[in-house]
Each structure stands twice: as structure tokens, then as C-alpha cells.
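What follows is a short report on a single structure.
The values are calculated or read from the model by the stated rules, or taken from the named source; none is laboratory data. Remember, it's a predicted structure, so these values are computed and weren't measured experimentally. Cβ atoms come from the backbone with ideal geometry, glycine included; neighbour counts cover every protein chain shown.
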Amino acid sequence: MVGFFCLSRGETMTNELDGLLSQRTASMRRNRIREILNVVSRPGMISLAGGIPAPESFPIEELYRINETVLDRFGARALQYDLTEGFTPFREALAGFLKKKGIKCSAEQLLVFNGSQSVLDTLGKILITPGDIIALESPSYLGAISAFSAYQPNYISIETDDGGIVPEALDRALEEHPVKFVYLAPTFQNPTGRSLSVERRRQIAEIIRKRNSLVVEDDPYSDLRFRGEALPALYTFAPENTVYVSTVSKIFAPGLRLGFSLAPPLIHEWLYTAKQGADLHSNTYAQALATEYIAGGYIDRQLPKIIELYRPRQEAMLAAMDEHLPADYHWTKPEGGMFIWVEGPDGVDAEDLYWKAVERSVAFVPGKYFYIDPSHGLPTMRLNFTRADEATLKSAISTLGSVINGLGAD
């Protein structure tokens, strides 16, 4: 597997212990973006790299009241071991929240995990036999690739354009290959920020049903919409063939590590079984806090605040890009989410730009790490706008522009 950072075994353990490792470790790689974040922690560094919510988006003051309500309402129950499938009041609150988004389900159909990353890992555990083929949009979310790779699949990349994954390319792939499942992020995709139109969602759902295939829909960003009309989840078009995966990390508190799944019955049962063996259940107290955050109406007041925090930051970045980046660079202009995707001309390696930008105290993620074959993404980069204010973002893009134009070279 290419495109990942990995220390050699000699750097991490003695040779005497090598024989204890499973064959699976040969397919496990450190997430390159997590390694990049070590660089951006340097003092004075402006990070356009990580997909991390702004601390100002957290409902700190509200949590004082939420915490008190949780203890009054649930008492010791919030501190006790609980059901593998999740804290029942939380699943009930989630079902109501999803209904407002057009996703109809019962609390019994939902499973709660320690973040959506845990859902992806568990799906890999129950679905992937070594050598199975997984279809991904190209580029795709590196965290999903990291989760699946431990189970030793092979990957095929599905063509994308400015509108996201190309339905005809997906249909060809499913016809030509025995694909175990398709992984997609249809709304404000990481890394590109692109969203599939309603028409493409219908087309993809029709293809998935026709081929009797399975699609994993990753949906962590759809609530972060700054402009335009909300788009229906792909799940609503093909519920029998879709595993819907989401999280409250981007709209509440990522440190609570709460994700969830909505899956066809067979997949649901095996996710439950695998989770039971892995961690028994997710954090009860965190689920109780999230229950009150949703059921108590806090989310309805906080989400507009988060959007009003991020919208001007995205607009500032886009305006600065218009001003400072060369005409032969092109980028997405998403209606929400957390990322902007930049494509430079042929012959550019964005990792070279990255190191020059780091010297000027600006960091981003070279886009090649989101490709199965990194050579396909050499001139690309992913920029995040959620962690810095407007003035800082304008300064960072000005610096990035000067680096691209060669003004920052030694």
C-alpha cells in the first residue's frame, strides 16, 4: 500500500519481538496526516492541515447546565456499564435528530461507537477477507483507507469530477470487479469538499441496487452547510444496500468520541457482535451528555453558531485564494464542510510546496496522500479553514501564494 508514512520495525521494537506480530501488521500504516499534525504543533505555525473543529465551536457554557441535567436525570445510570448497542435515550434522541434530516429509523436500528472511525474499523473487521476488493472515490478519506487496510483488501479507485464520483465509472467498476463494498462520502467530502447532486445520488443508488452491492456512506459534515439547500442522504434512496455512518464530533465535541451506524439487519447484527467483543460498549456518560445536547434543544441553538463561525472563515479563504493563487491553480468552492481542494498544474509536487510553506510557518496537507496511487495527486492539496480566524487565513493564503509563485524559495 503506497501513500502512507510508516516507521521501520527496527525503529519501534527489537528484532527479538518481530515474530510476535501478526501478518496483518504488514498492511497497517500510520496515518500520514496525523504525522503532519506533529509539524503543525510548532509555535507560530498556521495550520490549514487538520480537519479539526474550532475550540470556539464547543458549547462550553451550555455544558455546565447539560452536565447538571444529566446527573439529575440519569444519576448513577450515566456512570454505569450499559448496552453494547448504545445508551437507549441517546439512540432515541439520534433517531429524532435523523428524522429531521429525512432519515427514518428507530432507536433499535442504531448502533453507537467510539467515533465514526471505530465504525469503519469494525466494518473492515466483519466484511473484509484478505484480497477482497474495495471501491473508493478518488481521492478518498485517508482515515477510511487506514481503517480498512489492516484487513488486507485490494482497492480500486473510481473516477471523480467536479461533481464527485462519476456514476458511469462506478457502474463499470461493479461490472468488471467483484467489489465487496463501495465507500463514499457524498456530502462535503473529505478531502475535496465536493457534494453529489440529488440526481447523481439517485443514479448511484439505482446502480447499487441493480448490482445488489453494498455502499458505506460516511456523513460527518452534512450539518455544516453554509449555503444552498440540504441534500438527502444516499441512504434514503437505497436503505437496504447502505450502511450509514455519522458522528456528533463536528457538531458537539470530538473528544467525546461518539459515532453511530445505521445498517441493513445482517450488517447491523455483525457490527453488534464485533463491537461487543472489542469494547463492550461506548462511554455511557458521553452518550448521556449528547442525549441532553440533542433532546434538550441545545443543538438547535449551537449549530447555527458553528455555521456562523465557519462561513466567514471559508469566505475569507476563498477570497484570498482568488487574490493570491496563480491562474493555473483551481479549487473547489463547497457550500459547507471543512475543506477546500486545490489542484495545481502538471509538474507540481505539492509536498515540495508543503515544506517550503512550513519554513514560512504555514502548513497544509499534500493531496497525494488521499490517493491509492499517490502519483495521481502530486499537484493537489487540501486546505482546512475551521481553526483560524479570517485575518490569519488571509495571511496564510498570501504566504502560500508567494511560495507557489517562488517568492518564498531560498
All positions within region 71-104 that are among the β-branched types (Val, Ile, Thr) and farther than 14 Å from residue 290 by Cα: 84, 103
All but one of (1) over 24 Å from residue 160 (Cβ atoms); (2) out of contact with any helix residue (DSSP H, G or I) (no Cβ under 9 Å at 6 or more places or on another chain) hold for residue 328; which doesn't? (1)
Go through (1) surrounded by fewer than 22 Cβ atoms within 10 Å (Cβ to Cβ); (2) touching a strand residue (DSSP E or B) at 6+ places or on another chain (Cβ under 9 Å); (3) touching a residue at least 60 places away in the same chain (Cβ under 8 Å) for residue 230 and report which single condition fails. (2)
What is the residue count in region 349-368 for residues that are in contact (Cβ under 8 Å) with a residue 60 or more places away in the chain and outside any helix (DSSP H, G or I)? 5
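Against the condition surrounded by fewer than 24 Cβ atoms within 10 Å (Cβ to Cβ), touching a strand residue (DSSP E or B) at 6+ places or on another chain (Cβ under 8 Å), assigned by TED's automatic domain parsing to the domain that holds residue 114 and farther than 18 Å from residue 104 by Cα, how does residue 191 come out, does it pass?
Details: surrounded by fewer than 24 Cβ atoms within 10 Å (Cβ to Cβ): no; touching a strand residue (DSSP E or B) at 6+ places or on another chain (Cβ under 8 Å): yes; assigned by TED's automatic domain parsing to the domain that holds residue 114: yes; farther than 18 Å from residue 104 by Cα: yes.
Criteria not met by residue 191.
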Selected residue (only one of 124, 86 is at positive phi and modelled with pLDDT of 95 or more): 86
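Which ones in region 394-409 are in contact (Cβ under 8 Å) with a residue 40 or more places away in the chain and either in contact with a Leu (Cβ under 8 Å, 6 or more places away or on another chain) or more than 30 Å from residue 58 (Cα to Cα) (or both)? Steps first, please.
Filtering region 394-409 for residues in contact (Cβ under 8 Å) with a residue 40 or more places away in the chain gives 394-405, 408-409.
If the condition is that a residue be in contact (Cβ under 8 Å) with a residue 40 or more places away in the chain and either in contact with a Leu (Cβ under 8 Å, 6 or more places away or on another chain) or more than 30 Å from residue 58 (Cα to Cα) (or both), then 396, 397, 400, 401, 402, 403, 404, 405, 408, 409 are the ones that fit.
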The condition of being of a type in the set (A, V, I, L, M) and not assigned by TED's automatic domain parsing to the domain that holds residue 191 holds, among 134, 145, 128, 66, only for 66
With the requirement that a residue be touching a residue at least 40 places away in the same chain (Cβ under 8 Å) and of a type in the set (Asp, Glu), what does region 72-91 give you? 82, 85
Name the pairs: first residue in region 240-255 and closer than 17 Å to residue 114 by Cβ and assigned to a helix (DSSP H, G or I), second residue hydrophobic (A, V, I, L, M, F, W, C) and modelled with pLDDT of 95 or more, Cβ to Cβ under 8 Å, at least 6 apart or on different chains? none
Of the conditions (1) outside any helix (DSSP H, G or I); (2) of a type outside the set (Lys, Arg); (3) closer than 15 Å to residue 258 by Cβ, residue 102 fails just one. Which one is it? (3)
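Yes/no per residue for (1) at pLDDT 95 or above; (2) hydroxyl-bearing (Ser, Thr, Tyr); (3) in contact with an Asp or Glu (Cβ under 6 Å, 6 or more places away or on another chain):
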{"site": "369", "(1), (2), (3)": "no, yes, no"}
{"site": "376", "(1), (2), (3)": "no, no, no"}
{"site": "392", "(1), (2), (3)": "yes, yes, no"}
{"site": "396", "(1), (2), (3)": "yes, no, no"}
{"site": "400", "(1), (2), (3)": "yes, no, no"}
{"site": "407", "(1), (2), (3)": "no, no, no"}
Could you please find all residues in region 194-213 being assigned to a helix (DSSP H, G or I) and crowded, with 23+ Cβ neighbours inside 10 Å? 201, 204, 208
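Tell me whether region 282-294 contains one or more residues that are free of Cβ contacts under 8 Å to residues at least 12 places away in the same chain and not aliphatic (A, V, I, L, M). Give the steps one after another, and end with the answer.
Taking region 282-294 as the starting set, the residues that turn out to be free of Cβ contacts under 8 Å to residues at least 12 places away in the same chain are none.
No: zero hits.
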Determine which single condition residue 311 fails, assuming it passes every other condition in (1) in contact with a strand residue (DSSP E or B) (Cβ under 9 Å, 6 or more places away or on another chain); (2) among the charged types (D, E, K, R); (3) surrounded by 19 or more Cβ atoms within 10 Å (Cβ to Cβ). (3)
